[in-house]
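Note sheet for the following structure.
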Amino acid sequence: MSTKPLNLGIVGLSTKGWASFAHFPALTSPSLRSKYTIRALHNSSEASAKAAAQTYSQKLSTTKDPSSESESDAMANDSDIDVLAITVKAPDHAPFVYAAISAGKSFMVEYPPGVSLQETQEMKRRLDERAGDVKAMVGLQGRQSATINKVKKLIEMGKIGKVLSTTLIGNVPRELQAWQPATHESFQYALDDKNGATMLAIVGGHTLGTFTHLLGTFTSLNASASVQYPTTTILPNSPPNSSPRNNTPPKAREIPSPSSDHYTISGPLASGAHATLVWRSGYPSSAGRLQLLWVIDGARGSVRLELEQGGAFPGPFMNLQDPRVFVDGELALGEGEKGTLAEFVQREWVEFAKTLGGGKGEYATLDDAIRVQKVVDAAQRSIAMGGVRVDL
């Protein structure tokens, strides 16, 4: 197994995007410096590329000049790059994924890989044609949580008996300013179903990534959705102190909400257990309102997972932070045992390095992403048909 650090190219490392607070801190941590060297950056514009290089210059002494070439295959075809991290927004994933596969470069792509189930399946088809010489990791970080894996082991050991039912409620708080009823111009694309980044696609998808890791997937489901916020406020990206010379601050604007803000799916799991999941957005944080409440009921006991309001990443995001865990009403895993996003991302890169070095790592694959997107796709079809049952 090789011990030489792999040269990594990052697509989408900006000064304030997802990669800046998730992947960059992880990849430059002491535990990963011996496994990866960030060798190249690719951004959407020359200005953003230079800004990123300047911001991270102290930790990127071995990095080439940043690239802003429009061609998606530029980095994939760079002979100095061993592996790619694709961290741009969801509707821009596919060209970089296809370029990496075509060039024979292993890659990590954030979830969702494709904007639809069909696009991710096409990625998998092309990957399979490489007969195993290209490895792919998907950013479903929830399965890297030590807490989640402790709960998984507890259930598998029969601590609460056979799982009979489970109910999960996830709340995206208003102050996050993502999705309805208010979001920023730079995130407006996520309100449109065709971009694969709605609340159901992102919040639901990441939740389902953790959910299916613990309990397996649905065999069929019914789904419903509603619009509780008929209009969405689009907030300007620029802060007031960067307004034009006439000192007129940028103004927010209202648009008709193009997608739903409340979703429910329900149905049997492959294990036979009955499951109901609810996601909702726009509720302001208030006393006693949880961002996540997940109850798993077994024949002999129960597990309850909770995320309270606040924190670095407010919301029901088990891929960003660990919940508190109660077993039969008693606190089993509390504050002192909770992990962080940085830890989850570090673990997935460590696991990916095992596979890239010829071993076997534990991380989410395109198969795992397809399993999740099949549920999301079935929910979308059920909603479109008025809530009828859809088999998976």
Taking amide H positions as placed 1.01 Å from N in the peptide plane, with prolines and chain starts having none, which residues 5 or more places from residue 339, or on another chain, fall under 5 Å of its amide H? 147, 322
List the equivalent ellipsoid semi-axes of segment 139-266 in whole Å, largest first, each obtained as the square root of 5λ for an eigenvalue λ of the Cα gyration tensor. 38, 17, 11
Can you sort 261, 78 so the residue with the fewest Cβ neighbours within 10 Å comes first? 78, 261
When the chain is treated as a Gaussian network with springs between alpha carbons less than 10 Å apart, the largest mean-square fluctuation among 342, 76, 47 is found at 47
If neighbour count is taken as other Cβ atoms inside 10 Å, put 271, 286, 302 in order from fewest to most. 286, 271, 302
Taking 101, 234 and counting other beta carbon atoms within 10 angstrom, the fewest-first order is 234, 101
When the helices in the chain are scored as -39500 (n - 2.57) per DSSP H run of 4 or longer and the sum is shared across all residues, what 222 nm value do you end up with, to the nearest 500 deg cm²/dmol? -8000 deg cm²/dmol
Coordinate range along principal axes, alpha carbons of segment 64-150, Å, largest first: 42, 30, 25
Ignoring solvent entirely, what values of log10 I(q)/I(0) come out of the Debye formula for the chain at 0.15 Å⁻¹ when each Cα is a single scatterer? -1.49
I need to check one value: relative contact order of the chain, counting alpha carbon pairs closer than 8 Å and at least 6 residues apart, in percent. 19 percent
Explain nothing, just the number: relative contact order of segment 6-134, from Cα pairs under 8 Å at least 6 residues apart, as a whole percent. 25 percent
Can you pull the Rg over Rh of segment 6-134, Cα-only, Kirkwood? 0.95
Out of 173, 25, 323, a Gaussian network model of the chain with alpha-carbon springs under 10 Å gives the largest mean-square fluctuation to 25
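Coordinate-derived values only; no laboratory data. Note that this is a predicted model, so its numbers are computed, not measured. When we count neighbours, we look across all protein chains shown, and the Cβ atoms used for this are built from the backbone with ideal geometry, even at glycine.
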